[in-house]
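Just below is one structure, and these are the notes that go with it.
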Amino acid sequence: MPETIIRAERVEKYYAQPSANRIQVIAPTDLSVCSGEILALLGPSGSGKSTLLRMLTGLSAPSAGQVYWHDKPIALADPNVSIVFQSFALFPWLTVLENIEAPLQARGMNAAEQRKRGLSILDTVGLDGFQTAYPKELSGGMRQRVGFARALVVEPEVLFMDEPFSALDVLTAENLRSELLELWQKKTIPTKAIFLVTHNIEEAVLLADRIIVLGRNPGVIRTDFKVTLPHPRDRKSEEFTQLVDYIYKVLTQPGERPPALPGVSVKTAPDARIAHYQELPHARPGGIAGLLELLIDRHGKDDIYRLASDLGFEIDDLLPIVDAAQILGFLTVTEGDAEVTTAGAEYANSEILRQKELFRKAAVDNVLLLRQIVRAIETKTDHTVPEEFFHDLLDEQFTEEVTLRQLETAISWGRYAELFDFDAARRRFIQPEKTSPDSVDDPDAEIEE
Amino acid sequence: MNPLHTNFSYTRGRETLARALVLRRTWPVVLDLCVAAIGLAIFYAIVRIAMLWAGPPSEQMVVSLSPSALPMYAFYSLVRIFLAYVLSIVFAVSYGYLAAYNTRVEAIMIAVLDILQSIPVLSFLPPVMLAMIALFPTRHLGVELGAIILLFTGAVWNMAFSFYSSIKSIPRELCEAADVNRFSWLQRLVQLELPYAAIGLVWNSIMSVAGAWFTLMACEMFHFGSKDFRLPGLGSYLQTAADVKDGKAIACGLITMIAIIVAIDQFIWRPLIAWSDKFKFEQVESSQHVTSPLLHLFTHSNVLASIARHTTEPLNEAIYINLANRRRKQVAQLAAHPPTSPGTGSRVTMWIVAALLGAAVLIAAQHALELVRPVTGAQYVELLKGAGATFLRVNFSLLLAAAWTIPVGVAIGSHPPLARLAQPLAQIAASVPATALFPVVLLVLIRLGGGIGIGSIALMLLGTQWYILFNVIAGAMAIPTDLKEVATLFRFSNVERWRKLILPGIFPFLVTGMVTASGGAWNASIFAEYFTLNGKTLTTLGLGEQINAATAEGQFPIILLGTILISLMVVTTNRLLWRRLYRLAESRYRLEG
């Protein structure tokens, strides 16, 4: 009978703003981590996966709601957890063995016992003979092994992993994944549950017993289901690809209710999008044209997931471009298939000046922020508007980081479409100079490709 | 095979092996002897210092100009700098730590640091000295401590800034790794914060100690009111030598000082830089390393290792176990008695403490203002005139420094063979404290018919041009080759080349150099405008001159007003000019790879 180790009740995270508004990173969420399962948390970047992980470990306190560790509030308990980090987070000035012994030292273990446990865990993760090396002497894969050893040496009850394989190359990641699975299945490690944050759909389906998909703005659970495929899982099998496709659909249709899972009951949460501005994906006009051309070569329509894997792209890199094309009306996405619209086809096939014209029209029609900037410039007598003005508008709705990225994207699009220009020294939007489209002097002119 | 032959080769092999072993065994013994000798020397040094300090205060100490007195003087000065440095690092770490982790007081602590940094060392002199002498009226210790504290005020601020900003920039995941593994504050400090800050601290230490040599001259010999303080040391030796125009003594003093500075560089800074290399926060091992034989000696000594094994290691273990147990108890207590409301009581006490502190500050400030009341209108006008003169002088010397260092720096930076030749020379030239050269410069100038007016600008130049030069060289070296090739390809004229490539390329480096140089020039102005040579006091109109004269006459109000004026000017130019240029450099002129 699996017991609940960590239980989160209506936890949410928001940042208070000086105005009445606040930025909601995570909407009220219920979630529990039970013994005996590998739980994968999937979501696009910016959906608050890492924030949720940090609340569940007790590292950061939720803005509202409560996290329980074995039915005790986590702040009062002494949760036995550890984290494997994406960047490894090893101390570069300590040797491999010192890195691994540091958590034991913090727990007040005597030196002899530290050494014994340290050496034994090095043996488990296959790092014999490297104890006196410094992390910078090791390859990425070896470094993450040290990361695993440091996390496992305290025999955590729950092992948290924050995108542990995404900084590694494909082969190394695959290798480490299967070794981790082996340790888990053979119960070499006393860990009772594993919580994995990832943006890699295949990785989640490969490892997890249960998958939770987060939506963004604010982070909210979109679907939560069990994976019952037997191990070892075959990436090529019908069930596997169906599941991957299903998750992919959930991720690409943020506005809608998730479709039904093939053969499995799905618990869904309502989408709490209240956004006023749409969030501009961080994509460049050149990238959008490139994607459209690729799709037209494939008869105007293709499965995005297949496209990504054919191109050797991480799906996270491709998604913003797809989103951008969709916002501009150059593309429609249905069930994970992207299809070029007539406007999109015309855009992709035009020469550069015409392309800019089409982009201009599409941008003004579809993107609220750009429309507002253009109007503001037109109405002001001196035809300039400070960036701060829009910064404050966006600030109400997005975090500082997202706001800055929104402005950056808007500037990049606006400049490309010659909707406006941006004076980087004075931080002001200004009217574009109509006569000379290529000003050589401007050091910022080379932002687009 | 011939059995004899095998046997023979076997014994021979053993013999050579044994010999190698003897060598390998004896080498650490030699090292141990070295370490023991160093220990004895330290013991003797402590005895000497104690004898000097515990002695009665000597107001009219005669500084001997015989070269045989130099080693002892140099030793006394070194001890002063060393103690001031130790004090600085302890203060810098504590202050930086508090500022970084107390969000409530962070902003105010950093602002205070900013202002303190702008106050010239000499303005601290009268209050510090009087306080110290009042504390130890019967011992030499008072004046000695005063000098040390003055050196400290010249060295500490940049180190505190460095430590604070290092802590602030620790990558988030490293902090989380420490948190999730329940590091105690001690383990966090030792394994995360200090190592992460180490490189910045080492480089700032080098700068601070250079600054301490600069202020040494003023701290070891000065008049205050009717009192004339002299401490035996290199600074007072040089100053006395200049006073009586003893060329031979000046030369001896300068040579000793340069020798010491070079020795410190070789025996302390180089090993430290080599050691701090291991704290570089990098993922890939870089190919360039600074090496140091002395560091090798320390890391391979048997005595040190065994001392560590028997003292620090068990102690460390005991402390960590104690901290872990304490934490466990706290958690258990927290679980047994969950806190009801998040401490309203503590918040009330905090407000009370803050209110009391605020009141104390207000009262003190009011008293200080009352002190200023007797200052007449004419004196105010005089002060403002002085401020204007010093302001012009500082900025003129900055422009002058930039005018020669930019072309020379760019020339050196864009010709690697030249750089290899010129950089070490420039480094030696830069390491000589300008104040030590000042008497020589003044003597030469007076012989040529000039005076302290030109001399003061020369001193500021001597003290500040190097910062600009080194930064310009670094900037010129950082201009990417492909940009240079583009300039050649499009046949840029010389003017175009400078306007479009070189000046924008070195701009961020130039700004950094100018900011540091401007701070240095303000500090130097205090020393530059007032000098006693050959029994005569040479002065030129300026704020520094007025502060100096006020110190000699014991006029607190003028010192206070002069200091406020200087701080005001420095902080305002920083805010209005340098910070803006900095931002421009960061946003517009950054060359990204």
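The values are calculated or read from the model by the stated rules, or taken from the named source; none is laboratory data. Just so it is clear, the structure is predicted and the values come from calculations on it, not from any experiment. For neighbour counting, all protein chains shown are included, and Cβ atoms are generated from backbone atoms with ideal geometry for every residue, glycine included. Note: accessible area is taken over every heavy atom of the protein model, side chains too, but ligands, DNA and RNA are not part of it. Shrake-Rupley method; radii C 1.70, N 1.55, O 1.52, S 1.80 Å.
Once the partner protein chains are put back, the range A:116-150 shows a loss of at least 50 square angstrom of accessible area, versus the chain by itself, at A:136 (probe 1.4 Å, ligands and nucleic acids excluded).
Taking all protein chains into account, the per residue accessible area for the range A:126-225 stands at 32 Å² (1.4 Å probe). For the pair the range A:343-417 / the range B:418-463, the C-alpha centres are spaced 57 Å from each other. Here chain B has an Rg and Dmax of 28.3, 109 Å, counting Cα atoms alone.
The residue list A:196, B:47, B:413 was ranked by how far each Cα lies along the charge dipole of the protein assembly as shown toward its positive end, using unit charges on Cβ atoms, and B:47 comes out on top. Placing A:405, B:309 in order of accessible area, with the largest value first and a 1.4 Å probe, yields B:309, A:405. Note on residue B:109: accessible area approximately 30 square angstrom, rounded to 10, probe 1.4 Å, nucleic acids and ligands left out. The mean count of C-beta atoms from other chains within 10 Å of the C-beta of residues in A:51-63, rounded to a whole number, is 1.
Here the Kirkwood formula, the inverse mean of 1/r across different C-alpha pairs, assigns the protein assembly as shown a hydrodynamic radius of 34.3 Å. Across the range A:4-268 the C-alpha pair distances fall into 10 Å bins from zero in the proportions 7, 28, 34, 22, 8, 1 percent.
Rg then Dmax, both in Å and based on the Cα atoms of the range B:371-587: 20.3, 69. How many percent of the accessible area of the range B:371-587 is carbon or sulfur, using a 1.4 Å probe? So the carbon and sulfur contribution to the accessible surface is 67 percent.
Take every Cα pair under 8 Å whose residues are at least 6 apart in sequence, average their separation, divide by the length of the range A:285-447, and the relative contact order is 17 percent.
Screening chain A for DSSP H helices whose Cα atoms reach 15 Å or more along their own axis and whose mean Kyte hydropathy is at least 0.5 gives A:285-297, A:315-327, A:368-379.
Let me make sure I get this right: for the range B:391-432, a, b and c are the square roots of the gyration tensor eigenvalues over alpha carbons, sorted descending. Under 1.5 in a/c it's rounded, otherwise prolate if a/b > b/c, else oblate. Which is it? In terms of gyration-tensor shape, oblate. Within the protein assembly as shown, antiparallel bridges make up roughly 70 percent of the DSSP beta bridges whose residues both belong there.
Per-residue packing, averaged as other Cβ atoms within 10 Å, sorts the ranges B:37-49, B:235-247 into the order B:235-247, B:37-49, beginning with the highest. Heavy-atom surface analysis with a 1.4 Å probe gives chain A a carbon and sulfur content of 51 percent of its accessible area. The spacing between the range A:53-113 and the range A:175-234, judged by their C-alpha centroids, is 21 Å.
Using a probe of 1.4 Å on the protein chains alone, the accessible area found for residue A:229 is around 40 Å². Within chain B, helices built from complete DSSP H runs that reach 20 Å or longer along their own axis (Cα positions) and carry a mean Kyte-Doolittle hydropathy of 1.0 or higher are B:70-101, B:103-118, B:121-135, B:141-168, B:194-220, B:247-264, B:344-372, B:377-414, B:452-478, B:503-528, B:556-573. Summary value for chain A: 14 percent relative contact order, contacts being C-alpha pairs under 8 angstrom separated by 6+ residues.
Ballpark to the nearest 100 Å², how much total accessible area do A and B bury together, probe 1.4 Å? Don't skip to the answer; put the middle values down first.
Details: alone 21800 and 33410 Å², together 51820 Å².
Roughly 3400 Å² of accessible surface disappears when A and B pair.
Peptide B:180-193 is shielded by partner chain Cβ atoms: per residue, an average of 4 of them sit within 10 Å of its Cβ.
Take peptide B:164-177, look around each residue's Cβ out to 10 angstrom, count Cβ atoms belonging to other protein chains, and average those counts. Display every interim value, and only then the final one.
Working: counts 0, 0, 0, 0, 0, 0, 0, 3, 5, 9, 7, 2, 10, 15.
Neighbouring Cβ atoms belonging to other protein chains average 4 per residue here.
The protection proxy used here, the mean number of other Cβ atoms lying within 10 Å of each residue, ranks peptides A:218-224, B:356-362 as follows, highest first: A:218-224, B:356-362. Residue B:296 exposes around 90 Å² of accessible area when a 1.4 Å probe is run over every protein chain in place. Computed over the range B:437-528, the percent of Cα pairs more than 20 Å apart is 52. Per residue, the Cα convex hull of chain A amounts to 177 Å³.
Where does each of B:226, B:169, A:60, B:205 land when they are ordered by accessible area, with a 1.4 Å probe and the largest first?
Details: B:226 120, B:169 65, A:60 30, B:205 0 Å².
So the residues, ranked largest to smallest area, are B:226, B:169, A:60, B:205.
With contacts taken as Cα pairs under 8 Å and at least 6 residues apart, the range B:125-275 reaches a relative contact order of 21 percent.
Pop out the Kirkwood hydrodynamic radius of the range B:55-282 from its pairwise C-alpha distances, inverse of mean 1/r, in Å to one decimal. Could you put the intermediate results ahead of the total?
Values: mean 1/r = 0.0516 Å⁻¹.
After inverting the pairwise mean of 1/r, the radius is 19.4 Å.
For the range A:285-447, compute the orientation-averaged projected area of the C-alpha convex hull (one quarter of its surface), in nm². The partial results should precede the final answer.
Values: hull surface 42.6 nm².
With every direction weighted equally, the projected area is 10.7 nm².
Compared with the alpha-carbon gap, the fully stretched path from residue B:168 to residue B:372 is longer by 69.5 nm at 0.36 nm per residue. According to the Kirkwood relation over distinct C-alpha pairs, the hydrodynamic radius of the range B:169-221 is 13.4 Å.
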